[in-house]
Amino acid sequence: MSTSRGLITQALDAFGVRNVSTAENGVDALKSLATHPVHLVISDYNMPEMDGLKLLHQLRSGPKTKGVGFILITGRAEQQIIDHGKKLGMNNYLKKPFEQAALRNCIEAVVGRL
C-alpha cells in the first residue's frame, strides 16, 4: 500500500538512507531489480499479484539477485510464514505495526550500522 511505502521511505530518509526505490507489487519489484540491482529489499508480505514470500523465492532463484538482503514486513507474523521465509532465505522480518527504531534495528541486523 502506498501508505506503508511512504512510512518506510520516510523512516529510511530519517536514517540517512537516500537511494530508495519503491514498487507497487512484487511483479513490478522484480522487473525493477532486473535492471537496477540493490543491496536490500524490504517487502510487505501481503501484496497484489505476488506475495512477499513469492518475491523472495524469485529473488533467491535469480543469479543476480540471490544474495540481496531481504526483510519481510507483515501484519501476520504467524510462525508458518516466518518459518517458510527463513527456509527461502529471508534475512529478517518485522511485524506491523512497528516503530522507526524497530525498523532501524531490523535493517541494521542485516546490513550493519546505518
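Throughout, read-outs are computed from the coordinates displayed, never taken from laboratory work. All values reported here derive from a predicted model rather than from experimental measurement. All Cβ positions, even for glycine, are placed from backbone atoms using ideal geometry, and neighbour counts span all protein chains on display.
Quick notes on this one:
- Kirkwood estimate for the chain, i.e. one over the average of 1/r between Cα atoms, Å: 14.1 Å
- Helix-derived mean residue ellipticity, 222 nm - over the chain, DSSP H n ≥ 4, -39500 (n - 2.57), to 500: -14500 deg cm²/dmol
- In this label model, F15 and Q79 are separated by 2.9 nm, measuring between points 7 Å along each Cα→Cβ vector.
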